[in-house]
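Take this structure, written in structure tokens, and hold onto it; I'll ask about it next.
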Amino acid sequence: MQNLSTQDSIKTKQLLPDRFWIIEQNGVRIGTIQRHDDNNFIITGTDSSVATMTKKEIGSHFELFGRDLVEVVDKPGVKKEIYDYPTKHIPYNPVLDVKHKIPLYAKSPNSNNMYAAGYYIVHFPKGWVKGFCPKLKTLSNNEYKGPFKTVVEQRQAFSNVHKS
């Protein structure tokens, strides 16, 4: 495996929340990080090398692996909620779209993709679908009902849509 500690432009990209990341150097994939258990991670290089790191070792490489990995590892009790609506991810840059009454957030501090907090039902061409924290783009392109603060409210709205 490459000596990661000497690299200056290595970043991680989270693929599966709290479970799987891609390691990139200057935009080129050089490996992956996979959570093995609560305290251990498996790092695999594109050269087929494999290493294991503990939560503490990941923490000591804060600048190397990026904030998203360390924040997920070090803050398991982080509040995943904005404006009293639950979120799927750790929310960054929360905003309330007053016109549409939708609480919005980003998955990372520098992300341009916005997600809508809460539960929704969205009407796609094939029918209504239940969703949790959909992308703002999905809501903009489709008819929807929500946000709802609980699954029970979402189910009720879903049931009402199918009755009519």
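Taken together, the values in this text are just the output of simple stated rules run on the coordinates, not laboratory data. Quick caveat: nothing in here was measured; it's all calculated off a predicted structure.
Please list the non-local residues whose amide H lies under 5 Å from the amide H of T46, H modeled 1.01 Å from N, same-chain partners needing a gap of 5 or more.
The list, which skips near neighbours in sequence, is G31.
If you take the C-alpha gyration tensor of the range 81-163, multiply each eigenvalue by 5 and take the square root, what semi-axes do you get, largest first, in whole Å?
The equivalent ellipsoid of the range 81-163 has semi-axes of 22, 14, 10 Å.
May I pose another question? If the cut-off is a Cα-Cα distance under 19 Å, which lysines reach K13, setting aside same-chain residues fewer than 8 apart in sequence?
Straight-line reach from K13, under 19 Å: K55, K75, K88, K107, K135.
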